[in-house]
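One structure below.
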Amino acid sequence: MRILLSGGGTAGHINPALAIAKTAIDRGGAEVLFVGTPGGMEQRLVPREGYELRSIVVMGLRRRLTLENVKVAVNYFTSIRDAGRIIDEFKPDVVVGTGGYVCAPVVKAAFKRKIPTLIHEQNVFPGLAIKMLAKKADVTAVSFDETKDMIQAKNMVLTGNPLRPNLFEPVNTMEVRAGLGFDDRPVVLIFGGSLGAEHINDALLEMLGTGDLDFNLIAATGEKHYDGFIKAAGAAAKKKGVKILPYIHNMHEIFALADLVVCRAGAITVSELGALGKASVLIPSPYVAHNHQEYNARYLEKNGAARVLLEKDLSGSSLRTAIDSAVLDSAALAAMCDASKRLGISDACDTIWSQLCKISSK
């Protein structure tokens, strides 16, 4: 099977496409080609995984009335033409779009050539490209049940989000706990994404100054924030049961150890929490388009799997209260973990591969 994949702009669109590609190669020896934009994050992430990447120039629609949108519209039709040339050259059996405005012209070009298409939405609240393409795509794969009410689609399938395989590797949590010097109290993991989050770091710093904690803590500040954080925290960052790192490289091991996770609410992150059955305190980023992260967080909260703490209400005191109310109540914590596990989907890649096999054989 020859598969053309397109998704870009952020890691949240690119990593699912990479996971789908790996599954297609492992399961069926597929040939894959990626299409992205010249300045997108895909230029770094896709070649790093050993895949060929072709580029088309696409401009995002401005969300207000402006003459710039005339240029965007002209560029859009040009990008469909350019995507069509790549399709004609590669001759894919199926085209996959995982979001971001680059996938729209690629999937549109596939529609014109009557090539089977699968599009995938990572968030609870669907992006503009996915909503636009869903009426004609052969399969619209969604990651959360609630999304079904927000899209008009020709054929919708609940698949979940494709997740990194090492997330499910067995972990000796006793060894990990001992290596961190932690005692038998609950373990709380705090992180703000791969680059860190300044507001979360500020609240964490303030919380460390509120006195001894009733739990073990491991937190990642992000590389650029680490030195300043450690200097400001002083002795509080060196207490027994507290481990502050710039970045957590063995995240699958720390995820396995953690009793509670405090983090942002990106689509992949909340999907990982569900697949692992982890309770969480979610602090959605207010800086993303369409407030995607709060939709994701509220979905988990509504189903009893998480508690939501908005950034505008975030402080050392509110952070500690949210953590204490979860980890110091074993029954409440267990209920959150059970609810999280019920929402979790761990076989998204297999389901998507099955759908690709089905539509490519029509």
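Figures for the structure shown
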| quantity | calculated |
| --- | --- |
| Checklist (1) assigned to a helix (DSSP H, G or I); (2) at pLDDT 95 or above; (3) within 26 Å of T159 (Cα to Cα) applied to I119, failing item | (1) |
| Yes/no for T351 being among the hydroxyl-bearing types (S, T, Y), in contact (Cβ under 8 Å) with a residue 60 or more places away in the chain and surrounded by fewer than 22 Cβ atoms within 10 Å (Cβ to Cβ) | yes |
| Members of segment 3-31 found to be closer than 16 Å to V107 by Cβ, outside any helix (DSSP H, G or I) and touching a helix residue (DSSP H, G or I) at 6+ places or on another chain (Cβ under 7 Å), listed by number | I3, L4, L5, S6, G7, G8 |
| Residue list for segment 81-116, restricted to those being among the aliphatic types (A, V, I, L, M) and at pLDDT below 95 | V102, A104 |
| Of all residues in segment 307-336 being in a helix (DSSP H, G or I) and charged (D, E, K, R), the one that is surrounded by the fewest Cβ atoms within 10 Å (Cβ to Cβ) | K312 |
| Segment 130-152, subset out of contact with any Pro (no Cβ under 7 Å at 6 or more places or on another chain) and in a helix (DSSP H, G or I), residue most open to solvent (accessible area, probe 1.4 Å) | D149 |
| Whichever residue in segment 232-255 is open to solvent by 40 Å² or more (accessible area, probe 1.4 Å) and of a type in the set (A, V, I, L, M, F, W, C) and, among such residues, is farthest from the chain's Cα centre (by Cα) | A235 |
| Segment 206-245: number of residues that are of a type outside the set (V, I, T), over 24 Å from V288 (Cβ atoms) and out of contact with any strand residue (DSSP E or B) (no Cβ under 8 Å at 6 or more places or on another chain) | 15 |
| Any hit, segment 258-267, residues being part of a helix (DSSP H, G or I) and surrounded by fewer than 21 Cβ atoms within 10 Å (Cβ to Cβ) | no |
| R177 in contact with a strand residue (DSSP E or B) (Cβ under 9 Å, 6 or more places away or on another chain) and surrounded by fewer than 21 Cβ atoms within 10 Å (Cβ to Cβ) | yes |
| Residue pairs meeting the criteria (Cβ under 7 Å; at least 6 apart or on separate chains; first of a type in the set (D, E), in segment 126-152; second part of a helix (DSSP H, G or I)) | D138/I359; E146/Y299 |
| Long-range neighbours under 6 Å by Cβ, at least six apart or interchain, first residue under 15 Å from N161 (Cβ atoms) and without any contact (Cβ under 8 Å) to a residue 24 or more places away in the chain within segment 329-347, second surrounded by 14 or more Cβ atoms within 10 Å (Cβ to Cβ) and among the basic types (K, R) | none |
| Every residue from segment 275-306 that is touching a Lys or Arg at 6+ places or on another chain (Cβ under 7 Å), assigned to a helix (DSSP H, G or I) and surrounded by 23 or more Cβ atoms within 10 Å (Cβ to Cβ) | Q293 |
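The values are calculated or read from the model by the stated rules, or taken from the named source; none is laboratory data. All values derive from a computational prediction rather than experimental measurement. All Cβ positions, glycine included, derive from the backbone under ideal geometry; neighbour counts span all protein chains shown. The accessibility values were calculated without ligands, DNA or RNA, using every heavy atom of the protein model including side chains. Shrake-Rupley method; radii C 1.70, N 1.55, O 1.52, S 1.80 Å.
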